[in-house]
Amino acid sequence: MQTHFAPEQLADPKTRALERILRSCIHCGFCTATCPTYVVSGDERDSPRGRIYLIKDLLESGRAPTDDDVWPIDHCLSCNACMTTCPSGVEYRRLVDHARVLIEARYKRQLPDRLMRAALAWLLPSRPLFALGLKLGALAQPFAPLIAALPRVGPQLAAMLALARRRRARLPPEAVAAPVASADAPRRRVALLTGCAQAVLAPEINAATERLLRRAGIAVAPAPGEGCCGSLLHHMGREDAARAQMRANIDAWTRAIDGEGIEAIVVTASGCGATIKDYGALLADDPAYADKAARVAARTRDVSEYVAGLDIPFAAPKPLVVAYHAACTLQHGQRIVEPPKALLSRAGFVVREPAESHLCCGSAGTYNILHPETAAALRARKASHLERLKPDVIAAGNIGCLTQIASATAVPVVHTVELLDWASGGPAPGGLTHGAPFSGAKA
């Protein structure tokens, strides 16, 4: 792509880096075939190629963003499917991330949108506040039709209420109990991200992970001070606040690396894992944290990636048919494709993949709240493909995908690691024995 930056603009290192990314785009259009928003809308502006042209114009002109500039950027899911498809290796995510920061700094949203985004940025990264929000959302369910009818923010508030409705069914104590210590003290230690939303919505996922790791002789070491990975605020363009969350995590894990001697930071939410693995690049310009961020990123592993290298005996209690949903942040963000499927097969399950497995389910952090119509269309499309496989259970590796898909199907939806824990001696996932994990009611 030809660019026209002034010499004084290119004196800025960040602008030079973005210009190199822009010039790597060859207009081929391969990205449009795998972009979820373009597949749904058919609008060139709603595609990676269209957004690249828009971002190029914003950067070259230096003008303030307008309404017409903002909606295509807001509408991007950041699924990174375009980067998997691109033959030229365009680092699209750097462009759209920068555009979001620019919009946050130079564009004044209408008051309802500002309030909604501020509420999400305040509630979701905090475990106590998010738990309180879910309780309040449950109390507000009888008023859902009235809330949905409110002008401008009604659909978004309705989507938030639907999230409260999708909480997992109450599970037996053994599903969330701490693992029993083995007679021999483990010689290997890892940290396990607690994070924010997943710890409230489904604490049994990390409990299953701890049990699984214990069977391989690996202990989970505490990392006081870790919390939200920063991805929610990062994708909203709130870069200063996101970086503060990232630095807090880096400090916590650096203490664990130097003190407990952890060999890896294991992450069970692939959306968080994709961001943490990118800490080195996101904080490369921070002299106080660049090296520490790169060190943390290098030790971060998705749970499927880490468990794939362990010697754990599996024997599935039942040869269930598992429809495997590949989360975008796992297959496109981290380029982890085969390990989860191989592990499920090794555990004795029959693994099937749906059509259009490369397309996003529409969750994407806060996307299903901020853009409920597009999210609902993608959710229905994904659920339909999964149900055609006639599975006994649907497995995925990201909490956002689990909640999103479960709201569109009566098939139990569980985390991959819950099935692996069950197949190695742990309790059956709640969705298979105690009702659907996330209520199972179609929203």
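The values are calculated or read from the model by the stated rules, or taken from the named source; none is laboratory data. Computed from a prediction, not measured in an experiment: that's the story for all the values here. Cβ atoms come from the backbone with ideal geometry, glycine included; neighbour counts cover every protein chain shown. Remember, those area values only see protein heavy atoms, side chains included, never the ligands or the DNA or RNA. Shrake-Rupley method; radii C 1.70, N 1.55, O 1.52, S 1.80 Å.
Points worth noting:
- Most tightly packed first, judged by the mean number of other beta-carbon atoms within 10 Å of their residues, the peptides 300-308, 345-353, 9-17, 361-369 read 361-369, 300-308, 345-353, 9-17.
- Cα-based helix-to-principal-axis angle, 92-106 vs the chain, degrees rounded to 10: 70 degrees
- When you filter the trypsin sites (Lys or Arg not before Pro) in the stretch 66-154 for DSSP loop state and at most 14 other Cβ atoms inside 10 Å of their Cβ, you are left with 108, 152.
- Dipole of the chain, positive direction: furthest Cα of 229, 317, 340, with charges on the beta-carbon: 317
- A Cβ-based charge dipole, computed about the Cα centre of the chain with Lys and Arg at +1 and Asp and Glu at -1, lands at about 720 debye.
- Given [x] 20.7; [y] 21.7; [z] 28.3, the label whose value is mean projected area of the Cα convex hull in nm² derived from this model: [x]
- Spatially proximal lysines relative to residue 382 (Cα-Cα < 19 Å; intrachain offsets below 8 disregarded): 341, 390, 442
- Average accessible surface area per residue within the stretch 213-370, 1.4 Å rolling probe, Å²: 35 Å²
- Solvent exposure of the stretch 32-154 amounts to 47 Å² per residue of accessible area, where only protein heavy atoms count and the probe is 1.4 Å.
- Take every Cα pair under 8 Å whose residues are at least 6 apart in sequence, average their separation, divide by the length of the chain, and the relative contact order is 15 percent.
- Report summary: the helix-based calculation at 222 nm, which adds -39500 (n - 2.57) for every DSSP H run with n ≥ 4 and divides by the residues of the chain, gives -14500 deg cm²/dmol.
- The stretch 78-124: mean projected area of Cα convex hull, nm²: 4.3 nm²
- Annotation: cysteines of the chain without a disulfide-compatible partner (Cβ-Cβ under 4.7 angstrom) are 25, 28, 35, 76, 86, 361, 401.
- Computed lengthening from residue 106 to residue 387, 0.36 nm per intervening residue step minus Cα-Cα distance: 96.7 nm
- Helix 111-123 axis versus longest C-alpha principal axis of the chain: approximately 30°, rounded to the nearest ten.
- Whole-percent carbon and sulfur share, accessible surface of the chain, 1.4 Å: 56 percent
- Summarising the label geometry, the points placed 7 Å from Cα in the beta-carbon direction at residue 315 and residue 254 lie 4.7 nm from one another.
- The rule of thumb for compact globular proteins, 2.2 N^0.38 Å, goes into the C-alpha radius of gyration of the stretch 1-105 1.01 times.
- Overall form of the stretch 272-385 per C-alpha gyration tensor (a/c, 1.5; a/b vs b/c): oblate
- Tilt relative to the chain, helix 154-165 - C-alpha long axis, 0 to 90 degrees, to 10: 20 degrees
- Charge dipole (Cα centre; +1 on Lys/Arg Cβ, -1 on Asp/Glu Cβ; no other charges) of the stretch 60-128 amounts to roughly 320 debye.
- Shape of the stretch 196-301, Cα gyration tensor, a/c cut at 1.5: oblate
- Rounded, prolate or oblate (a/c below 1.5 giving rounded, otherwise prolate when a/b exceeds b/c) for the stretch 103-142 by Cα gyration tensor: oblate
- Cubic angstrom per residue, convex hull over Cα atoms of the stretch 2-51: 80 Å³
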